[in-house]
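Down below is the structure, laid out as structure tokens.
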Amino acid sequence: MLQEATPDAPTHRTGTTERGSFCFAHCSCGWRGPARRSRERARTDAELHAKST
């Protein structure tokens, strides 16, 4: 998932990482979402982060 860069907002590159039975959303800006058992929910967290910044 990639958000377009603008002069006042850097590009946010989001993704997910799995650790055991949990999935975490993360971003190139350093943001990290909560642990989720649902990959889809972690992806939604990442999408919401990218839209809110």
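Tell me which residues come under 5 Å, amide H to amide H, from ARG13 once H is placed; ignore anything under 5 positions away on its chain.
Those lying under 5 Å, H to H, from ARG13 are SER28, CYS29.
For the peptides 46-53, 30-37, what is the packing order when you average, over each peptide's residues, the other Cβ atoms within 10 Å and list the highest mean first?
46-53, 30-37
Please give me the summed charge of the neighbours of ARG36: other residues whose Cβ is under 12 Å from its Cβ, Lys and Arg +1, Asp and Glu -1.
+3
Any read-out appearing in this document is the output of simple, stated calculations on the displayed coordinates, not a laboratory observation. Predicted, not measured: the structure shown is a model, and the values here were computed from it. Note: ideal-geometry Cβ built from the backbone for every residue, glycine included; neighbour counts use all protein chains shown.
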